[in-house]
């Protein structure tokens, strides 16, 4: 569908804005905009304003760099959480994924990315200095590196490890192995090999 | 991903708003919102405001019911177009699709829907009265019914035809036949049958 035949400049503009979103083409953008156009004025205002308000008011937690409504996020300010263990993650989605497991009760440190020379992202673009500061000044016993198991993740793990090995701190990474529901014949050799090396005692 | 672990009420609200859009789930909504959060304040403002402005300012053309920035849309107000032929379509997307063919130089009449008892849409929900008015009062020689070739489209065609047959006006529907690129063995019988009945003289 050719955008030139749009009967309204306002419609054209809104569709253009929506089609800038990742994975949204012109046709989908038009569908979304026409859907919104059918809603009440108030609903459309709430929609448009929710993203403007988020952008204007949202903060990054001063301790962990996670997205937050306050200066200190509700994880860092929760005194019931274990302040001695810090889980280093790439971004806020990873925080949410780990929180959903309900298996981690420590604090987080959000790097805001991962070392990726291909994308022009170096250590200085990430919150690594503040992580080193944290290790130097806070009372931390263990750092869990929970980055993606990709080349970039491995490089970032190695960089952080090198920077921190001088400190008296335990550094761990996530266990690698076959996922729940995997069929062994389809598991890749590296993962399967690692899951044999790191096998655990069978428990009921 | 569980929405309960959202660290920010503002983020939660924006994601909720985006996930109300058709075909956008919570995960996609989060991806879109986090993408927008990475843009500049101005870009986010332009995005949010484009849809609010559209909703506030957009009009429906008083003549054809198409979406328009002015009281009369740029198709109806174009004196170069053939004012004698009116193409009846379901919605604005169909106007754009036909405009893209560049084969039609008349005017449109947008019904704003199609008769569909299953969805509770009857003739009174559509701009059929204003179509009858138009036929009565304007100088129109031909009405092209360009509705979907579905049961609902056929029912709407029939309803309009019944209402207008008393007037001295030519009423036509779109030709049905095999589409360009179709392989005959996969064409349905109805369409293939119709394309034989309505065969046209071969021209170079």
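Every number in this text was worked out from the coordinates using simple rules, so none of it is lab data. Here the structure is a predicted model, which is why all the values come from computation and not from measurement. Positions of Cβ are backbone-derived with ideal geometry, glycine not excepted, and every protein chain shown enters the neighbour counts.
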Can you pull the mean other chain C-beta count within 10 Å for peptide B:34-41?
4
Which whole number gives the average, over all residues in A:68-77, of C-beta atoms from other chains lying within 10 Å of the residue C-beta?
2
Grab the Cα-Cα distance for residue A:70 and residue A:82, subtract it from 0.36 nm times how many residues apart they are, and report the gain in nm with one decimal.
2.3 nm
Distances from residue A:40 to the same position in the other copies: list them in nm, one decimal, shortest first, using label points 7 Å from Cα along Cα→Cβ.
3.6
Note to self: C-alpha centroids of segment B:89-157 and segment B:4-59 sit apart, in Å, by 33
Teacher prompt: residue A:200 distances to equivalent labels in other copies, 7 Å Cα→Cβ, nm
7.1
Could you estimate the translational diffusion coefficient of segment A:3-57 from the Stokes-Einstein equation, with Rh from the Kirkwood formula over C-alpha pairs, at 10 °C and 1.306 mPa s, in whole µm²/s?
132
What residue in chain A has the Cβ closest to the axis turning A into B, and how close is it in whole Å?
A:48, 2
Cα→Cβ-extended label distance, 7 Å offset, between residue B:166 and residue A:26, nm:
4.5
The protein assembly as shown - mean residue ellipticity at 222 nm from DSSP helices (-39,500 (n - 2.57) per run, n ≥ 4, rounded to 500)
-12500 deg cm²/dmol
What angle do you read, to the nearest 10 degrees and between 0 and 90, between the alpha-carbon axis of helix A:92-101 and the longest principal axis of chain A?
60
Cα axis of helix A:26-38 to longest principal axis of chain A: angle in degrees, 0 to 90, nearest 10?
70
Gyration tensor verdict on segment A:108-204 (Cα atoms; rounded if a/c is under 1.5, prolate if a/b is larger than b/c, oblate otherwise)
oblate
With everything on Cα atoms, drop me the angle between helix A:41-57 and the longest principal axis of chain A, reported from 0 to 90° to the nearest 10.
40
Taking 45 Å as R0, compute the FRET efficiency from the Cβ-Cβ separation of residue B:173 and residue A:45 and round it to 0.05.
0.65
Expressed in nanometres to one decimal, the distance between label points 7 Å along Cα→Cβ at residue A:155 and residue B:125 is 5.6
P(r) tail fraction, segment B:51-148 - alpha-carbon pairs more than 16 Å apart, %:
58
Once the mean of 1/r over all distinct C-alpha pairs in the protein assembly as shown is inverted, the Kirkwood radius in Å reads 26.4
Placing each pseudo-label 7 Å from Cα in the direction of the beta carbon, residue A:196 and residue B:199 end up separated by a distance in nanometres of 7.0
When chain A is treated as a Gaussian network with springs between alpha carbons less than 10 Å apart, the largest mean-square fluctuation among A:128, A:52, A:75 is found at A:52
Here the convex hull volume per residue of chain A, taken over Cα atoms and given in Å³, is 231
If labels are modelled 7 Å from Cα along the Cβ direction, residue B:184 lies from its partners in the other copies at nm distances, smallest first, of 5.7
